[in-house]
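The values are calculated or read from the model by the stated rules, or taken from the named source; none is laboratory data. Predicted, not measured: the structure shown is a model, and the values here were computed from it. Here the Cβ positions follow ideal geometry from the backbone for every residue, glycine too, while neighbour counts run over all protein chains shown. Just so you know, the surface numbers come from the protein's heavy atoms only, side chains and all, with ligands and any DNA or RNA stripped out. Shrake-Rupley method; radii C 1.70, N 1.55, O 1.52, S 1.80 Å.
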Amino acid sequence: NGGAPRPLGPEGAITRYRGCISKDGAFVAALDPERRPTIYEVATGKATPIPGAVDGDEPNHWVDEKHILIGRAEIPRRIFSIDISTGKRTLFKTIYPADPIGLAGDLGPIFSLDLKSYVYFYSRVLSDLYVFDNLK
């Protein structure tokens, strides 16, 4: 609203998905500087650890005022819905490419606002190995 820019959390906090902003714009889900899933209150910067999140989890998408999606950078990529009032963790979706050979990097996903569609991405690293015998 024309005000000066200000940080929403401490230096080193990161988020990678636009879906990490709550529907009302009052909260942002991010990783704190120690890479712990955290909810930051936009107005005050107050940090609250996401209950039910474990090491390696990464916020992905706010579902509603009570639930957030969290995933882990692993293959297969499992996305969990967490009830932020209780910490209850429920598997929401598992994403696994048809051909996992040489997969590297991240799978995403990025969800549509209604959570009915998503895209994911990854890198594939393939190389050749040559074996030589009796080289002089």
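Test ALA43 against the criterion of being more than 19 Å from ILE14 (Cβ to Cβ) and touching a residue at least 12 places away in the same chain (Cβ under 8 Å), and give yes or no.
Taking the combined requirement at face value, the residue satisfies it.
Take residues that are open to solvent by less than 80 Å² (accessible area, probe 1.4 Å), aromatic (Phe, Trp, Tyr) and within 15 Å of ALA30 (Cα to Cα) and tell me which of the strands (runs of 3 or more DSSP E) falling wholly in region 43-136 contain 1 or more.
Of the strands (runs of 3 or more DSSP E) lying wholly inside region 43-136, those with at least 1 residues that are open to solvent by less than 80 Å² (accessible area, probe 1.4 Å), aromatic (Phe, Trp, Tyr) and within 15 Å of ALA30 (Cα to Cα) span 57-62.
Taking the stated definitions as given, is PHE111 aromatic (Phe, Trp, Tyr) and under 30 Å from PRO5 (Cα atoms)?
yes
Among the residues of region 30-42, what is the count of those that are in contact with a Phe, Trp or Tyr (Cβ under 7 Å, 6 or more places away or on another chain), crowded, with 19+ Cβ neighbours inside 10 Å and hydrophobic (A, V, I, L, M, F, W, C)?
Final tally of qualifying residues: 2.
Go through (1) over 22 Å from VAL119 (Cβ atoms); (2) in a loop (DSSP other than H, G, I, E, B) for ARG16 and report which single condition fails.
(1)
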